[in-house]
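Presented below is the structure to which this report refers.
Bear in mind these aren't lab numbers, they're just calculated from the coordinates by the rules spelled out. In this text, all values refer to a predicted model and were calculated from it rather than measured experimentally. Don't worry about glycine lacking a Cβ; one is built from the backbone with ideal geometry, like all the others, and counts go over all protein chains shown.
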Amino acid sequence: AYNLEGQVALITGGASGIGKCIAELFAERGATLILVDKSEAVHETARSLGENNLAWVADVADEASAQQIVADSVQKLGRIDILVNNAGIGPLAKSEETPADLWDITMAVNLRGPFLYAREVGKQMLRQKSGRIVNLASQAALVALDGHLAYCASKAGVLGMTRVMAMEWGPEGITVNAISPTVVETELGAGGYWSGETGANFKAKVPARRFAQPEEIAHSALYLVSGAAGMVNGENLVVDGGYTAT
Ligand code: NAD
């Protein structure tokens with residue numbers, strides 16, 4: 001059920017962190033990759049994981065490049081079976097000090113980007129009458145995270161988007177699900193804000209008493225795109241070591 005041979009997977013934010021880890025796991029399971037990232041490093045990541053893989057440097061919030069990337073990729077590879085909307089940012093600001101620009105960029109990358117890629121890839125999946133979409137939300141979609149106003153709002157939006165697409169596209173053989181991790185040991189996750197005392201205090205509230213590893217998120221994504229999860233649709237898979245259960 002966890003074999004992706006013959007399948008094509010588009011992963012945004014695939015150059016580093018969780019996205020790169022998902023790319024590595026999907027490639028290991030036989031998928032051909034289309035990686036999209038604002039970082040040039042995406043070329044090397046794609047090349048290192050398979051010779052037929054495609055890499056595109058783009059901002060996921062840009063509509064024209066989303067349309068062009070999806071169209072060109074389908075022309076080259078014939079189909080897209082899997083979309084992982086993973087690219088995201090988590091800038092910090094207290095609610096009363098949040099500049100409108102910070103709000104806008106967070107919404108653009110974390111919510112507009114996933115919407116654009118899901119819409120464009122969704123049209124192709126509707127033609128194929130099959131497809132799997134996984135959106136990276138966050139624990140912050142479910143509970144408040146101090147200093148993360150725009151981030152929490154954007155990730156809650158991702159869950160709303162996930163449910164509507166699941167409902168509308170479910171009859172056409174497409175599933176749309178979300179994953180909501182707690183802090184993950186990546187640059188975004190454990191890098192700055194979550195290191196030191198802030199991180200230690202946070203870990204103390206996680207029943208698992210640790211942060212998640214990127215591999216744990218990648219395997220959750222593999223489950224959701226696999227044949228084993230055909231009846232899972234519109235779901236939010238919470239991978240938080242029990243945080244939101246307490
Ligand atoms: P990361 O910062 O390590 O990697 C993010 C990748 O996305 C980078 O390669 C970056 O270049 C790319 N990216 C950023 N903005 C982009 C844009 N506008 N267009 C194209 N590419 C862009 O982050 P990560 O920790 O791997 O997070 C991945 C996803 O998981 C994000 O959506 C994040 O919100 C979510 N998430 C992360 C954590 C965590 O603690 N790390 C927790 C919950 C959810």
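Things to note:
- Intensity falloff of the chain expressed as log10 I(q)/I(0), Debye formula with alpha-carbon point scatterers, at q = 0.08, 0.09, 0.14 Å⁻¹: -0.27, -0.35, -0.87
- Projected onto planes of every orientation and averaged, the convex hull of the alpha-carbon atoms in region 81-125 covers 3.3 nm².
- In degrees, nearest ten, helix 63-77 long axis to first principal axis of the chain (Cα): 40
- Label sites at E40 and A71, each approximated as a point 7 angstrom past Cα along Cα to Cβ, lie 2.8 nm apart.
- Normalised by 2.2 N^0.38 Å, where N counts its residues, the alpha-carbon radius of gyration of region 1-111 equals 1.15.
- Nearest-ten-degree value, helix 214-225 long axis tilted from longest Cα axis of the chain: 40
- Charged side chains reduced to their Cβ positions (Lys and Arg at +1, Asp and Glu at -1) give the chain a dipole of some 600 debye around its Cα centre.
- Using only side-chain charges placed at the Cβ, +1 for Lys and Arg and -1 for Asp and Glu, the dipole size of region 56-193 relative to its Cα centre rounds to 700 debye.
- At the listed q of 0.11 Å⁻¹, the Debye profile of region 95-192, built from one uniform point per Cα, gives log10 I(q)/I(0) equal to -0.37.
- Pairs beyond 28 Å (Cα-Cα), from K94/K123; K76/K155; K155/K205; K38/K205; K20/K94: K94/K123; K76/K155; K38/K205; K20/K94
- Compared with the dominant principal axis of the Cα atoms in the chain, helix 149-169 is inclined by about 30°.
- Rounded to the nearest 500, the 222 nm mean residue ellipticity of the chain from helices alone is -13000 deg cm²/dmol, with -39,500 (n - 2.57) taken per DSSP H run of at least 4 residues.
- Equivalent ellipsoid of region 177-245: semi-axes from √(5λ) of the C-alpha gyration tensor, largest first, are 26, 12, 8 Å.
- For region 1-79, the Cβ-based charge dipole about the Cα centre amounts to some 200 debye (Lys, Arg positive; Asp, Glu negative; other atoms uncharged).
- Considering only Cα atoms, the convex hull volume of region 169-210 works out to 101 Å³ per residue.
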